[in-house]
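Student: One structure coming up, written as structure tokens, with questions to follow.
The values are calculated or read from the model by the stated rules, or taken from the named source; none is laboratory data. Computed from a prediction, not measured in an experiment: that's the story for all the values here. Glycine also receives a Cβ, built like all others from the backbone with ideal geometry; neighbour counts cover every protein chain displayed. These accessible areas exclude ligands, DNA and RNA; they are computed on the full protein's heavy atoms, side chains included. Shrake-Rupley method; radii C 1.70, N 1.55, O 1.52, S 1.80 Å.
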Amino acid sequence: MTSIPQSKNERTGWRPFLRLVRDTKPNKWLVGFALLLSIFNTLAGLVIPLLTKELVDGFSVSQLSPLQIVGIAGAFLVQAAAGGLAAYLLGRAGQAVVAAIRERLWRKLLMLPVSYFDANRSGETVSRMTNDTTVVRTLISDHLIASATGLIAIAGSVALMLSLDWRMTVVLLAAVPITMLIMMPLGRTMHKISKGLQNETARFSGFLNQAVSEIRLVKLSGAEAAELENGKEGIRSLYRFGLRETRVVAMIGPLMGVVMMAMLVTIVGYGGARVSNGDLSAGDLVAFILYLVQIVMPVGQITQFIAQLQKARGATERIVETLQETEENFDRGRAPTDADLAKPIRLSGVTFAYQPDAPVLHGVDIEIAPGRVTAIVGPSGSGKSTLFALLERFYAPTGGVIRIGEEPLEAFSLQGWRSRIGYVSQESPVVDGTIRHNIAYGIDRVVSDEELRAAAKMAYADEFIEALDQGYDTEVGERGVRLSGGQRQRIGIARALLRNPSILMLDEATSSLDSNSEKYVQLALDGLMKDRTTVVIAHRLSTVLRADRIVFLERGVVTGVGPHEELLRTHVLYREFAERQLALEPTADAERRELEAVPGRSLLP
């Protein structure tokens, strides 16, 4: 999505809010009908003082006509019915608008590159989806039309008051500039406070999300006291913003009350004197008092609208910022064919930096042969995971080029490229849901039970799955907490097998497992790697010995390429790595024999 340049006034004014609402394409008929009902409600309210005036001026039991009673009762009924139905329709329209905004935001978040989530905390992002959109909904449902019809009520009341007595009306209108002098600076202050409150709420949501999602780490580390203090600081900050907001709101109400009470006293005093002199009837005075009520209520609504508008402005700015972020282009380029993926992947002079002054990779030259296993070896921080991220196209190289055969990687669509990749990491991610859902995750077609079981069997996951009470319909819990590490790994491998990828990327999927789980996972990986282009981040010598080619990375630079025996002779650091691992691990042949001895299992051909 292309960003739309905005002026400073547009970014900070009410136009972004109107544009955001307009872009959701609200039901104009629904909103229009609600507005019409609100107008009926307002007009009915304007008629009541006139009917009351006639009733007061000519009041006697004998002169009280049924038509007057029916007229007043009818006006009340119309006002109540129209007001209730209008409130429902406006609430419905507000819910529809916020649902459309949330849908746009959710689609946008899914289309944003990984770099966006690197720079923005997840809790703050979630806050934009929930808190900020709720502020917008509240403004639309509870305040927008009410304030619009309030303006109609004020205008109608003033017009009718002028027709009754212009002198009394002019006296009342003198309060308008006083009200504006009170409201304008308070409105600006409310905007600043509300924006700060929303930002602080988003930060606090991010903190809570992190602490709760990593509660096991918190408890195992004995960090409850530290996190309690961090939480208290966030709560105190929210309290300070809330207190400032409460002060402003507390000032608005009494100040407006004083103005309105002064207007009422003025009407009663000045109007009473006019009635005594015979310049004004008692009915006119009662009508003026009722019209003052008709003005006071909308002024209160407009005051609340202005306060809520300041909140919505801050929320809108944050939503618009997200919607204007640059998306990944999933459709540009063509889908890679089997013929394309049968060609080598070449990295030529690839450089990458997360920050401009801190490069991670320096002129990397690597060739990944099709149908073979290429192992990436090196100390921590050497750029192995970054290299994977570039191949997965989470980032683009800041220098150099990645090609498949002779074509640059950018020639292929993101959707098509990623659909041909199978990825298994050190801690295979599992989402909340059933085992069935996790194995079939991301597959855009109906997966049969036969396919599901075949993938689970090839991943050596079928035995533990079928031993569970609910089998494939077992809930795994958030982040798969009800499964062991080895079980999660095998579900991740089953997921990759079901995708039938052309390119397999393994971030040392066995490094964090116990020896028993590792046997099964390694056996499943052997089947998964068969005849596939495989790139593996290797921490264990057993993985390296399975590789056809080894690439040694040091501080983002390739310092050695070749088979195990060659690097063992020529590369000092690799030899140290191999000797250190040899002292800790069984040989690959012994390990393979042990795996093949598992009853009822054999390596796939």
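Student: Stretched out fully, how many nm does the piece from residue 275 to residue 251 gain, at 0.36 nm a residue minus the Cα gap?
Tutor: 5.1 nm
Student: Given labels modelled 7 Å from the Cα in the Cβ direction, how far is it in nm from residue 365 to residue 470?
Tutor: 5.5 nm
Student: Would you mind getting me the FRET efficiency between residue 339 and residue 19? Use the beta-carbon distance for r and R0 = 51 Å, nearest 0.05.
Tutor: About 0.60, to the nearest 0.05.
Student: Okay, next question. Over all pairs of distinct alpha carbons, what does the Kirkwood formula give as the hydrodynamic radius of the stretch 441-513, in Å?
Tutor: This gives a value of 13.1 Å.
Student: What order do 573, 164 take when sorted by accessible area (1.4 Å probe), most exposed first?
Tutor: Of 573, 164, the descending order of accessible area is 573, 164.
Student: Would you kindly state how much longer the chain becomes between residue 266 and residue 106 on full extension, computed as 0.36 nm times their sequence separation minus their alpha carbon distance, in nm to one decimal?
Tutor: 52.1 nm
Student: Then there's this: Kindly identify the stretch 346-396 as rounded, prolate or oblate by the Cα gyration tensor criterion: order the square roots of the eigenvalues as a ≥ b ≥ c, call it rounded if a/c is under 1.5, otherwise compare a/b with b/c, prolate if a/b is larger, else oblate.
Tutor: Prolate, because a/c is 1.5 or more and a/b exceeds b/c.
Student: Quote the charge dipole size of the stretch 268-418 about the Cα centre in Debye, to the nearest 20; the model charges only the Cβ of Lys and Arg (+1) and of Asp and Glu (-1).
Tutor: Roughly 260 debye, rounded to the nearest 20.
Student: What does the charge count near residue 108 come to, summing +1 for each Lys or Arg and -1 for each Asp or Glu among other residues with Cβ under 15 Å from its Cβ?
Tutor: Taking every Cβ under 15 Å from that of residue 108, the sum is -3.
Student: Of 430, 461, 366, which is farthest towards the positive pole of the stretch 353-484's charge dipole, taken about the Cα centre with +1 and -1 on the beta-carbons of Lys, Arg and Asp, Glu respectively?
Tutor: Value computed over the given set: 366.
Student: Please work out how much accessible surface residue 432 shows to a 1.4 Å probe, ignoring ligands, DNA and RNA, in Å² rounded to 10.
Tutor: Residue 432 exposes around 100 Å² with every protein chain in place.
Student: Taking the Cβ of residue 400 as the center, what net charge do the other residues with Cβ under 11 Å away carry, scoring Lys and Arg +1 and Asp and Glu -1?
Tutor: Overall, the nearby charge balance is +1.
Student: Fully extended, how many nm does the chain gain between residue 426 and residue 392 (0.36 nm per residue separation, minus their Cα-Cα distance)?
Tutor: 10.6 nm
Student: Check which residues have an amide H placed less than 5 Å from residue 354's amide H, if you skip close sequence neighbours.
Tutor: Those qualifying (amide H under 5 Å, at least 5 residues apart or on another chain) are 360.
Student: Run the quick spin-label model on residue 372 and residue 565: label points 7 Å from Cα toward the beta carbon, then report their separation in nm to one decimal.
Tutor: Inter-label distance under the simple model: 1.5 nm.
Student: Check which residues have an amide H placed less than 5 Å from residue 537's amide H, if you skip close sequence neighbours.
Tutor: 376, 506, 507, 508
Student: Over the stretch 295-399, what percent of the accessible surface lies on carbon and sulfur atoms, probe 1.4 Å?
Tutor: Accessible surface attributable to carbon and sulfur in the stretch 295-399 totals 53 percent.
Student: Residues with amide H under 5 Å of residue 423's amide H, sequence separation 5 or more or different chain, H placed in the peptide plane at 1.01 Å from N; which?
Tutor: Answer set, sorted by chain and number: 505.
Student: Which entries of 108/457; 108/530; 108/343; 108/311; 25/232 show an alpha-carbon separation above 32 angstrom in the structure shown?
Tutor: From the list (108/457; 108/530; 108/343; 108/311; 25/232), the Cα-Cα distance tops 32 Å for 108/457; 108/530; 108/343; 25/232.
Student: Tell me the label-point distance for the pair residue 451, residue 163, using the 7 Å Cα-to-Cβ offset, in nm and rounded to one decimal.
Tutor: It works out to 7.3 nm between the two label points.
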